[in-house]
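See structure below.
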Amino acid sequence: MQKFNKHSGIVAPLDRPNVDTDAIIPKQFLKSIKRSGFGPNAFDDWRYLDEGGPDIDNASRRPNPDFVLNQQPFDKATILLARENFGCGSSREHAVWALDDFGFRAVIAPSFADIFFNNSFKNGLLPIALQASVVDDLFKRVSDNNGLELTIDLAAQTVSCGDELIASFEIDEFRKHCMLNGLDDIALTLQHADEIKAYEANRKQSAPWLF
Amino acid sequence: MSNRKTLYDKLWDDHVVRTEEDGTALLYIDRHLVHEVTSPQAFEGLRMAGREPWRTGSIVAVPDHNVPTTDRSEGITDPVAKLQVETLDNNCKEFGLTEFDMSDQRQGIVHVIGPEQGATLPGMTVVCGDSHTSTHGAFGALAFGIGTSEVEHVLATQCLMQNKSLNMLVSVDGQVHPGVTAKDIVLAIIGEIGTAGGTGYAIEFGGDAIRALSMEGRMTVCNMAIEAGARAGMVAVDQTTIDYVKGRPYSPTGDNMEKAEAYWSTLHSDDNAKFDKLVHIDAAEIKPQVTWGTSPEMVVDIDSSVPDPEAVSDKVKADGMRKALAYMGLEAGMPISDIAVDKVFIGSCTNSRIEDLREAAAIAHGRQVSDHVKLAMVVPGSGLVKKQAEEEGLDKIFIDAGFEWREPGCSMCLAMNADRLEPGERCASTSNRNFEGRQGQGGRTHLVSPAMAAAAAINGHFTNINELS
C-alpha cells in the first residue's frame, strides 16, 4: 500500500449527497480481473455523454463538459470534496481503485459509508470526515476560487489552506499507523498466527459444528 | 446491568481473537462466501505474496453476478464476463475450494445459496465481498460485506481487523396488514431512518412483526440493512430459525446439533441490554411501499404522491430530490399509482426465494401481463429455488401470465449480464438499489415487493395489491 504522510493538491467539488459506488465505477467495468486501469472510467455515467464499456476506447467517446472532473483545473485534482454518505451502496473496492487511479489521494466529506471508508484505508486513499458546516464552507471557497489547494497532514491530523488551519480530523490510531507507514496489514495479522490458532483450537472444543 | 449484552455484543465477543490498544479487534471469520466479481484480485494478491488460504473448509464459492439467465448450453458469450467466471473456477480448483459452478443445480445468488445449504448458521461470523452479506444476519449471525483487500485478508488469515459498531435496535411493533411484506417493512424502515441512518451501527431487527416473519422474510429485511447504512443487520434466533436450519447439507447433526441448539438458544439480546439507538415503528402504519427516487430512502407508500422538493428546507436534501426527479422523469405531486412501467424484474438476493415467488405468483395467477409492459421476468435465486418453484407449478403460472422464467443469478439487479434496462426505461424491481444507472445506464428503478412488482406487471402501472387480490 502506498504511504500517506503529507499531501497538497487541487480540490474538486462533487456537490451531491449519497454518491454511491455504482456511480463511482459502473458495473460493466467490474468484469476486470485486475485492480488497475479504472481511472479513465471513474464516474463514467456522469463523465461521458455516451455509454462506455470495458472494450470501448475512451478516447473515441464524448466527454460531458458539464461534469466537474472534465473541467480545468479539476481534471488535475487530487482531493475530492463531497457531501454526506459518500461511497454508499455496493462493497466494490473498484470504486476506491478508480479514485486512486484517477489521481485522488483523499476524499473530504461530512460522512462516509462504512465499507467504502474501510476500503479506502486499504489502498492509501485517505477519507476525511469533517463537520457539515466546514464542508459547506469548503464548497464555497472552491466556488470562489477554482484551483483552491488544500494541504492534508496525516501525522498532525489537519487540513490547511496555505497557513490557515481549516480543521483537525479524527482517525483511529491503528489505521493512521498503517497508512503513514504503508503497511501490509495481512503481514501484520500473520504476526498473530499463534493466537489465531489458539482461538481455533478453543472454538473447535466449544463449537465443533463450525469445523 | 453492564453485563447485559445485545445479540451483536455476544456475536462480537465470541469472535475476538485479540484487541489492539485503540480497540481495533482481530475478529475470527467462520464462513467466507466468494463470488466471481470481487475475488480475482484477492486470489492474485495471495499468489503474488506466496500465501495459501488459511482454512479452505470455511469457503463456499459460486458465480452469480455475471452468469446468463437464459439458455446456458452455449456458456457465457461476453468474453470479459466469461474470463471472470473461469477465473473463479480456476482459483477454486487451484486452492481446493468448494464451488457450485454454473452447471451445478445448487448454483445461485451467493446470499440465497448460503442459507439454503446450511452454510450460514446461527452464531457464525459470515463475510463476503458483497455488501448484501448482511442478509445472513437473519440467522442470528454477524454477517457483513467486505472489500476485495479484506477478502484477501480473510483468505490469508481467517480474520479481519475490525472496529466495533454501535448497537441499534429497530423494533417493528404490532402486526402488519394483509398485503404488507418484509420488503415493505424494510423499505419503510429505510424511509424512516434514512440511507445513512444506520452508518456506524449494527442493526438488530426486533418486535412482533419481525418475529412473525419467516426466514425468507427476515433475510429480505436484513439484506437491506446496508441500504440504511448498516454493514450488519440481524434477527435473534428462535424456533423459526432452528426449524429452517435443520436438515440442510451443511447443518450439524446428532450430538453436534444438540450442542449447537443449546448455544443458538442464547443468541438474543438480554433483557434490558443497552442499545445506543432505539427506533420504534408501528407495523400497522406500514402500507405497500414504492421508491420514487435514486436512493432507497426516497420511498413512499402506494397511496401517496411523488414528494415535492420545494417543501423540504434542507438545501442539500432538496437539491438531491430535484436531481432524482429529473433523472427519474417524474413530477412532484404525481400519484404513485399513475406511474407506468416498461419492465418488471422479480429476483435478486433481496427477493428471489421460494416465498417471494409464491407471493408474486399469487398475484399473477389467472391474469395477464399488460400489453404496455415490454418485459416481465422472474429470476429464481438458485437452481434449487427454481426446481422447487417448478414442482409447485409456479413457473406455469408465470409463463401463462406472460412472464419470462429464467435461470438463477443476480441478473437485472445490477445488470452485469445481458439483463438490463435501456436508457429511459422504467422498471418495477424487487431488487435493493434504485441508484442512477444501476439496472442499465439511464434506466429508472422503482423498488417494490414481489407482489407489488407482479401487480405492476399486470396493470402496467403501480397498483395497491389489495385492490387486486
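The values are calculated or read from the model by the stated rules, or taken from the named source; none is laboratory data. Please read these numbers as outputs of a predicted model, since none were measured by experiment. All Cβ positions, glycine included, derive from the backbone under ideal geometry; neighbour counts span all protein chains shown. Just so you know, the surface numbers come from the protein's heavy atoms only, side chains and all, with ligands and any DNA or RNA stripped out. Shrake-Rupley method; radii C 1.70, N 1.55, O 1.52, S 1.80 Å.
For every residue, the table says whether it meets (1) within 12 Å of chain A (Cβ to nearest Cβ); (2) over 17 Å from the mean Cα position of the chain (by Cα); (3) farther than 30 Å from residue B:169 by Cα; (4) not basic (Lys, Arg).
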| site | (1), (2), (3), (4) |
| --- | --- |
| B:50 | yes, yes, yes, yes |
| B:78 | yes, yes, yes, yes |
| B:89 | no, yes, yes, yes |
| B:111 | no, no, no, yes |
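Among the conditions (1) more than 17 Å from residue B:24 (Cα to Cα); (2) touching a Phe, Trp or Tyr at 6+ places or on another chain (Cβ under 9 Å); (3) open to solvent by less than 30 Å² (accessible area, probe 1.4 Å), the only one that residue A:157 does not satisfy is (3). When residue B:259 is tested against (1) among the charged types (D, E, K, R); (2) surrounded by 15 or more Cβ atoms within 10 Å (Cβ to Cβ); (3) out of contact with any Lys or Arg (no Cβ under 8 Å at 6 or more places or on another chain); (4) more than 30 Å from residue A:206 (Cα to Cα), exactly one condition is not met: (4). Looking across the stretch B:247-256 at every residue that is facing another protein chain (nearest Cβ under 9 Å) and under 26 Å from the mean Cα position of the chain (by Cα), the one that is farthest from residue A:204 (Cα to Cα) is identified as B:251. Residues in the stretch B:224-246 that are over 11 Å from residue B:139 (Cβ atoms), within 14 Å of another protein chain (Cβ to nearest Cβ) and surrounded by fewer than 20 Cβ atoms within 10 Å (Cβ to Cβ): B:246 only. When residue B:271 is tested against (1) among the charged types (D, E, K, R); (2) in a helix (DSSP H, G or I); (3) open to solvent by 60 Å² or more (accessible area, probe 1.4 Å), only condition (2) is not met.
Can you find, within the stretch B:388-403, the residue that is farthest from residue B:372 (Cα to Cα) among those that are acidic (Asp, Glu) and open to solvent by 80 Å² or more (accessible area, probe 1.4 Å)? Among those residues, the one meeting the criterion is B:391.
Restricting the stretch B:339-387 to residues that are under 15 Å from residue B:458 (Cβ atoms) and without any contact (Cβ under 8 Å) to a residue 40 or more places away in the chain, the residue that is most open to solvent (accessible area, probe 1.4 Å) is B:365. Residues that are within 16 Å of the chain's Cα centre (by Cα) and surrounded by fewer than 23 Cβ atoms within 10 Å (Cβ to Cβ) were ranked within the stretch A:23-42; the one that is nearest to the other protein chains (Cβ to nearest Cβ) is A:35. Taking the listed residues B:411, B:449, the one that is at positive phi and crowded, with 24+ Cβ neighbours inside 10 Å is B:411, with no other qualifying.
In the stretch B:302-337, which residue that is touching a residue at least 40 places away in the same chain (Cβ under 8 Å), open to solvent by 10 Å² or more (accessible area, probe 1.4 Å) and not in a helix (DSSP H, G or I) is farthest from residue A:21 (Cα to Cα)?
B:303
Residues in the stretch A:154-189 that are touching a Leu at 6+ places or on another chain (Cβ under 8 Å) and closer than 18 Å to residue A:122 by Cα: A:154, A:155, A:171, A:176, A:177, A:178, A:179, A:180, A:189. Within the stretch A:48-64, not a single residue is of a type in the set (A, V, I, L, M), open to solvent by less than 20 Å² (accessible area, probe 1.4 Å) and assigned to a loop (DSSP other than H, G, I, E, B). Among the conditions (1) without any contact (Cβ under 8 Å) to a residue 60 or more places away in the chain; (2) hydrophobic (A, V, I, L, M, F, W, C); (3) in a helix (DSSP H, G or I); (4) over 16 Å from residue B:138 (Cα atoms), the only one that residue B:210 does not satisfy is (4). Taking the stretch B:57-76 as the search range and keeping residues that are more than 12 Å from every other protein chain (Cβ to nearest Cβ) and open to solvent by 40 Å² or more (accessible area, probe 1.4 Å), which one is farthest from residue A:53 (Cα to Cα)? Here the answer is B:73. Anything in the stretch B:6-60 that is within 16 Å of residue A:185 (Cβ to Cβ) and basic (Lys, Arg)? List them, or say none. Correct list: B:18, B:51. What are the residues in the stretch B:265-289 that are within 14 Å of chain A (Cβ to nearest Cβ) and within 23 Å of the chain's Cα centre (by Cα), if any? The answer is B:267, and nothing else. In summary, strands (runs of 3 or more DSSP E) completely within the stretch A:126-211 and bearing 2 or more residues that are within 21 Å of the chain's Cα centre (by Cα) and in contact (Cβ under 8 Å) with a residue 60 or more places away in the chain occur at A:149-153.
Of the candidates B:120, B:125, the single residue that is in contact with a His (Cβ under 7 Å, 6 or more places away or on another chain), of a type in the set (Val, Ile, Thr) and within 11 Å of another protein chain (Cβ to nearest Cβ) is B:125.
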